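Quick notes on the structure that follows.
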Amino acid sequence: MDASSRAALEQARERLDELTRPASGLIEKARDRLTGQPRVDSGDEIVGLADELFAVARLLGEQVGLRRALSDPSGKPAERSALARRVFGGKVSDAALDLVETVARQRWSRPLDLVEAAEILATDAALDAADARGELDGVEDELFRFGRIVAGDPALSRILTDRAAPAAGKTALLDRLLADRVSPITALLLRNHLTTRHVGNAETAIERLSEVASSRRGRSVAHVTSAVPLTAAQEQRLAGVLSRLYGRPIGLQVTVDPSVLGGLVIRVGDEVIDGSIVHRLEAAGRRLVG
């Protein structure tokens with residue numbers, strides 16, 4: 001997204017925050033009743049909102065003409081909002097309709113940005129629901145663990161990454177893999193992010209979801225690869241060192257890979273700290289050859 005679309009997304013996110021924030025005090029509750037302000041402030045209601053927004057994103061992804069009309073810069077914001085109401089009114093909740101109208105009123109750089117915006121809003125709503133239900137830590141952990149499963153199964157990764165594979169088939173596969181093993185919110189996120197036509201690399205998509213969940217907890221993620229499992233004390237010390245190094249809270253996601261032989265490979269964002277024995281041996285070999 002360029003600057004104008006990012007600004008439009010920020011407006012929509014602010015509206016989502018207003019809709020999912022519990023009314024504070026009698027005055028705000030009275031104003032809601034008078035103005036008909038929709039509000040979804042329970043975990044279950046927010047999960048429903050997220051599901052609806054993912055459905056909106058799918059429809060916009062499939063209907064080229066609709067997303068073009070809703071983002072047409074030659075039309076007035078009120079006209080685009082009215083179109084959104086005609087298309088989605090009576091098919092989604094008042095809160096979801098409010099958000100779709102908010103999206104339609106903004107100025108977008110390109111029609112496809114509406115699809116991305118709807119997916120981002122749906123993801124935000126799902127994580128809002130996890131937070132409201134006290135499940136955010138568990139969702140982050142489940143996303144990470146499923147990402148490791150996909151990374152360790154090339155056939156599964158290939159299927160989930162294949163853009164030509166039918167979405168229905170991917171959905172059925174994910175339902176079988178996730179049934180009764182993860183929370184409904186984790187399943188909702190994975191099912192919707194891994195069945196879009198622009199999913200790209202499945203492992204990367206899951207990793208990004210996990211990082212978004214972690215950022216909700218006010219921390220960044222360090223992806224750590226170790227030859228052997230780390231003890232709780234070792235993880236705590238490493239997290240403390242990295243937090244001091246980066247000047248912000250750092251959470252760990254540890255993967256065990258015997259091929260590194262020893263030491264650690266640590267990735268935070270785009271920065272990699274390779275302290276593995278394999279790396280040291282390769283470096284030593286290069287020096288000898290040189």
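The angle between the Cα long axis of helix 232-246 and the main principal axis of the chain comes to about 70°, on a 0 to 90 degree scale. When the chain is described by a simple charge dipole with +1 on each Lys and Arg Cβ and -1 on each Asp and Glu Cβ, the residue from Q236, A151, P111 located farthest towards its positive end is P111.
The order of the peptides 184-192, 225-233 by mean Cβ neighbours within 10 Å, most packed first, is 184-192, 225-233. Quick one: net charge around E79, please, counting Lys, Arg +1 and Asp, Glu -1 for every other residue with C-beta under 12 Å from its C-beta. Overall, the nearby charge balance is +3. In the chain, the DSSP beta bridges split such that about 55 percent are antiparallel, to the nearest 5. For log10 I(q)/I(0) by the Debye sum over Cα atoms at q = 0.07, 0.16 Å⁻¹, computed directly from the structure shown, the correct entry in (1) -0.31, -1.16; (2) -0.33, -1.31; (3) -0.22, -1.38 is (2). Per-residue 3J(HN,Hα) values for segment 206-213, derived from phi via the Karplus relation 6.51 cos²θ - 1.76 cosθ + 1.60 with θ = phi - 60°, read 5, 4, 5, 4, 4, 5, 5, 4 Hz in sequence order (x marks Gly and Pro). Annotation: amide H of V254 within the under-5 Å range of V224, sequence separation 5 or more or interchain, hydrogens built in the peptide plane. Across segment 155-162, computed HN-Hα scalar couplings (Karplus, 6.51 cos²θ - 1.76 cosθ + 1.60, θ = phi - 60°) run 5, 5, 4, 5, 5, 5, 8, 5 Hz from first to last residue, x flagging Gly and Pro.
Mean separation of Cα pairs under 8 Å and 6+ residues apart, divided by the residue count of the chain: what relative contact order is that in percent?
With pairs under 8 Å counted, the relative contact order is 15 percent.
Springs join every pair of Cα atoms under 10 Å in this Gaussian network model of the chain, and among A202, A132, A172 the largest mean-square fluctuation is at A172.
Give me the percent relative contact order of segment 32-180, please, defined on Cα pairs under 8 angstrom at least 6 residues apart. So the answer I get is 28 percent. For segment 136-143, the Karplus equation 6.51 cos²θ - 1.76 cosθ + 1.60, evaluated at θ = phi - 60°, returns couplings of 5, 4, x, 5, 4, 5, 5, 5 Hz by residue, with Gly and Pro reported as x. Once the Cα atoms of helix 167-178 and of the chain are each reduced to a long axis, what angle between those two axes, in degrees from 0 to 90 to the nearest 10, is obtained? Once rounded, the angle reads 60 degrees. Take the Cα of Q234, step 7 Å toward its Cβ, do the same at D257, and the gap between the two points is 1.6 nm.
We did not get these values from a lab; they are worked out from the coordinates using the rules stated. Worth saying up front: this structure is predicted, and the values here are computed from it rather than measured. Positions of Cβ are backbone-derived with ideal geometry, glycine not excepted, and every protein chain shown enters the neighbour counts.
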